[in-house]
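Notes follow the structure.
The values are calculated or read from the model by the stated rules, or taken from the named source; none is laboratory data. The shown structure was predicted, so the numbers you read here are calculated from the model rather than taken from an experiment. Positions of Cβ are generated from backbone atoms using ideal geometry, with glycine treated the same way; all protein chains shown enter the neighbour counts. Quick note on the areas: whole protein, heavy atoms, side chains included, nothing else; ligands and nucleic acids left out. Shrake-Rupley method; radii C 1.70, N 1.55, O 1.52, S 1.80 Å.
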Amino acid sequence: MNIAIINGPNLNLLGTREPEIYGKVSFEDFLEELKQRFPDIVLSYFQSNEEGRLISKIQEFRISGCEGIVINAAAYSHTSIALADVLKAVGIPAVEVHISNIFGRERFRHHSYLSPVCKGVIAGLGLEGYALAVQYLSDGNKRPLP
Ligand code: DQA
């Protein structure tokens, strides 16, 4: 199974960016761990600070056979109708992840344009949220909702 992880702006700074909120581990290091934890899944990773590049990448997933998307659009979650539109357009099951608990932070972080077009949202569980999302897409997504 092919699952893509998409990170938005400033998440290339994980490990050094506000470590009290986002932790001290770089995403590259965490990704290595993730690949070891899910040896049967082909995990691809894309990070960009630019909205248009994120949109183009998600459009490409339709032809590249991607079967699940884990997306942390970072600040674009709170602003980007275009990212919500492209997730809806490609129709690939997606899970929205936030490292921090966006609901316990400033009010402008409480709303995400992506949440309604994603299967679900994981927020506040640190980098482990990405692992839980991968787990869901590879397994839980096959189970019918109760
Ligand atoms: C974030 C939360 C966003 O509000 C913020 O703009 C980010 C990271 C998170 O992972 O907690 O850049 O998406």
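Structure data summary
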item: Options 115, 77: the member that is hydroxyl-bearing (Ser, Thr, Tyr), near the ligand (Cβ under 10 Å from one of its atoms) and at pLDDT 95 or above; result: 77
item: Tabulated pairs, region 6-22, first within 11 Å of the ligand (Cβ to nearest atom) and in a loop (DSSP other than H, G, I, E, B), second open to solvent by 10 Å² or more (accessible area, probe 1.4 Å) and among the aromatic types (Phe, Trp, Tyr), C-beta under 6 angstrom, 6+ apart or interchain; result: 8/76; 14/22
item: Only listed residue being more than 10 Å from the ligand (Cβ to nearest atom) and farther than 12 Å from residue 8 by Cβ, chosen from 54, 87; result: 87
item: For residue 71: the one exception among (1) at pLDDT 95 or above; (2) more than 13 Å from residue 134 (Cα to Cα); result: (2)
